[in-house]
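One structure is given below, encoded as structure tokens.
The values are calculated or read from the model by the stated rules, or taken from the named source; none is laboratory data. Here the structure is a predicted model, which means the values were calculated and not measured. Every residue, glycine as well, gets a Cβ built from its backbone with ideal geometry; the counts of neighbours run over all protein chains shown.
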Amino acid sequence: MQVTTSPPALLEALGNVSRALRAWQFYPAGHPSRKMSIIQAHVSLLRALNGNDVSLRCGRTGFGLQSGEALPDSMRIAVSLSFELFARRVQQVTFLGDLFQEDLLDFIRIVSLHPDAVEQAGGMEKIMQEHGIRTIWANELDLTIILGKRYEVEARGVVPAGLDEVEEEALDLPAVQESAPPPDDADPEQALLVLVDRLGTTVDEDVYTMLARQGVVCCETLITRREPVLALPLAELFARHASDPERGKKTATAASLGLEKLASRDEFLSFVLENLGGAGGISARGGLAVLAAGGQNAARQAVDRLVAAEQPAVRKKLTQLLARLGEPAVAPILSALDNSNWEIARNLIAILGEIGSKEAVPDLERCLWHSDSRIAKEAIRNLAKIGGQQAEAAIVAVLRDIDSALWPQAIASLGGMKSGKGLEVLLQIVCDEDRFLQNFALKCDALAAIAMIGDHRATPSLIELLESRHLVSRGRWSQFKVAIAACLARLDDSRALPALRKMARGSGELARACTEALEAMERTKD
């Protein structure tokens, strides 16, 4: 049979069947999650089949199409279902396009039995036919034979129980039992798949703690075998559960301890950092959880990789990760700051600003006097992000230095900080004697910063400048006064109204700017 359905949709549906299997195994009878998981699995699988009959190969490592193409399952949820079927000697499974909900329910109930119980009862094929399952077939590919057997099953008039009936009856088979944790001698990869599924569905916190320990043991074996990629599903699950407020305290603690165990293995930590956000790698949330669990050692390794990284995309991912990590990243970043080129130093400084660490202020203050102005400008920007009196005083000091190349950045930062300490030096720049306005752009930047600060102490000096007369560079002075009028409008100080009205009675661009300033101040009163 040829598959004409979408492989991604089919994989998602098989994942839902796997989740329904786990829900049926671990939730008590009558729990609403059992019923809802069956309904969801049936709807998604019926949609994925899209009226087609689909045959799949079942193996230890996942499902495959009859064409030989594997169904890649990065989350390894459907892989677990395939392994469960394989363990019950099902090598092929066929879903018919008119899949019945009661057939899927009974199929899941049978798969939830221990493999030994299934074998003692004659195997999956025999049990399924005896129960009247018509639209799911094990170990049979020939559609003609399947349809013949279906006719025989339907002729007997036996059909599986529906959802509303099944909670009150048990399967009449010998040695029925819930799936147990994998034995100690099980293959760690397959054992881990089973454990991840059980951890995802169990509601018993003591059971969760036990399973989490077993999962870590499996992962340590896989990491020792240099297969750290196989430990990622457990790390992702721990990352979700450790921060899930709906889970109990014991569960969150067990998940956090599990992450710490995994992060303590340098081989796993290196793999996570090398493959962060890439295909086959850990997610951003999972990577952050592993890094946080690894403490200073993990943060130091991440910083070292950032310093050594050559590709911008890699640097970007590590920068974002360290910024989200927060304070644990500060000490390793400060240690690396002096020995980095300007691009790396810029990234490290930006991370410190995003974290907002007061501890970093002295080191960033020293960066203000760095010989590379690009590093100094980045330090100014991020001191402003961190804020505080020490950072504010450091930026003000830049404006008292002779290196005017840094002034525009310092002025903008003081405005963004709404710096009261910076007002005096900003007014000094605006009011400084400059007949020809050679520093016109710098003065306008300072006016914009004063407007952002919003301190009325600036009003008298600005009024005096607005009313002053100049015989040289009159055009440039007119433009400067337009900027002053805009600043006064932002300050919204009534003391400026007489001067603005006086200038508005004139003509030209300045008069229009003063009129607009008056109108803006009137609107704020309304």
Pairs where the first residue, in the stretch 369-381, is polar (S, T, N, Q) and the second is modelled with pLDDT under 90 and part of a helix (DSSP H, G or I), C-beta under 7 Å, 6+ apart: Ser373/Ala405
It is to be established whether one or more residues within the stretch 273-291 are surrounded by 19 or more Cβ atoms within 10 Å (Cβ to Cβ) and more than 17 Å from the chain's Cα centre (by Cα). no
Pair list, Cβ < 8 Å and 6+ apart or interchain, from the stretch 201-215 residues that are over 24 Å from Arg34 (Cβ atoms) and not assigned by TED's automatic domain parsing to the domain that holds His31 to residues that are among the charged types (D, E, K, R) and modelled with pLDDT under 90: none
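Would you confirm, using the coordinates I've provided, whether Arg476 is in contact (Cβ under 8 Å) with a residue 24 or more places away in the chain, touching a helix residue (DSSP H, G or I) at 6+ places or on another chain (Cβ under 8 Å) and charged (D, E, K, R)?
Working: in contact (Cβ under 8 Å) with a residue 24 or more places away in the chain: yes; touching a helix residue (DSSP H, G or I) at 6+ places or on another chain (Cβ under 8 Å): yes; charged (D, E, K, R): yes.
Answer is yes for this residue.
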Only residues in the stretch 506-526 that are under 25 Å from Arg469 (Cβ atoms) count as the first member; pair them with residues that are surrounded by 15 or more Cβ atoms within 10 Å (Cβ to Cβ) and β-branched (Val, Ile, Thr), Cβ under 7 angstrom, at least 6 apart or cross-chain, and list the lot. Glu509/Val482; Leu510/Val482; Ala513/Val482
Number of positions in the stretch 232-250 that are under 18 Å from Leu195 (Cα atoms) and under 19 Å from the mean Cα position of the chain (by Cα): 11
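So which of Val472, Val482 ends up being of a type outside the set (Asp, Glu) and touching a Leu at 6+ places or on another chain (Cβ under 9 Å)? Break it down stepwise before answering.
Values: Val472 fails: touching a Leu at 6+ places or on another chain (Cβ under 9 Å).
Val482 is the lone residue from the list that is of a type outside the set (Asp, Glu) and touching a Leu at 6+ places or on another chain (Cβ under 9 Å).
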Residue ranges of helices (runs of 4 or more DSSP H) in the stretch 471-526 with at least 1 members among the aliphatic types (A, V, I, L, M) and farther than 24 Å from Asp432 by Cα: 497-504, 509-525
Does Ala441 satisfy being in the same structural domain as Glu509 (by TED's automatic domain parsing), surrounded by fewer than 15 Cβ atoms within 10 Å (Cβ to Cβ) and either in a helix (DSSP H, G or I) or under 51 Å from the mean Cα position of the chain (by Cα) (or both)? yes
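Taking into account only those residues within the stretch 348-360 that are surrounded by fewer than 24 Cβ atoms within 10 Å (Cβ to Cβ) and of a type outside the set (Lys, Arg), which is modelled with the lowest pLDDT?
Here is the first cut: in the stretch 348-360, the ones surrounded by fewer than 24 Cβ atoms within 10 Å (Cβ to Cβ) are 350, 353-359.
Pick out the ones that are also of a type outside the set (Lys, Arg) and you get 350, 353-357, 359.
On the way: Ala350: 94, Gly353: 94, Glu354: 94, Ile355: 94, Gly356: 94, Ser357: 90, Glu359: 93.
The qualifying residue modelled with the lowest pLDDT is Ser357.
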Test for Glu246: is it in a helix (DSSP H, G or I) and surrounded by fewer than 21 Cβ atoms within 10 Å (Cβ to Cβ): no
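Going by the structure shown, is Glu220 loosely packed, with under 15 Cβ neighbours inside 10 Å, outside the structural domain of Arg76 (by TED's automatic domain parsing) and at pLDDT 85 or above? So that I can check it myself, show each step before the final result.
Working: loosely packed, with under 15 Cβ neighbours inside 10 Å: no; outside the structural domain of Arg76 (by TED's automatic domain parsing): yes; at pLDDT 85 or above: yes.
Considered against the rule, which asks whether it is loosely packed, with under 15 Cβ neighbours inside 10 Å, outside the structural domain of Arg76 (by TED's automatic domain parsing) and at pLDDT 85 or above, Glu220 comes out as no.
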The one condition Asn52 fails out of (1) without any contact (Cβ under 8 Å) to a residue 40 or more places away in the chain; (2) surrounded by fewer than 19 Cβ atoms within 10 Å (Cβ to Cβ) is (1)
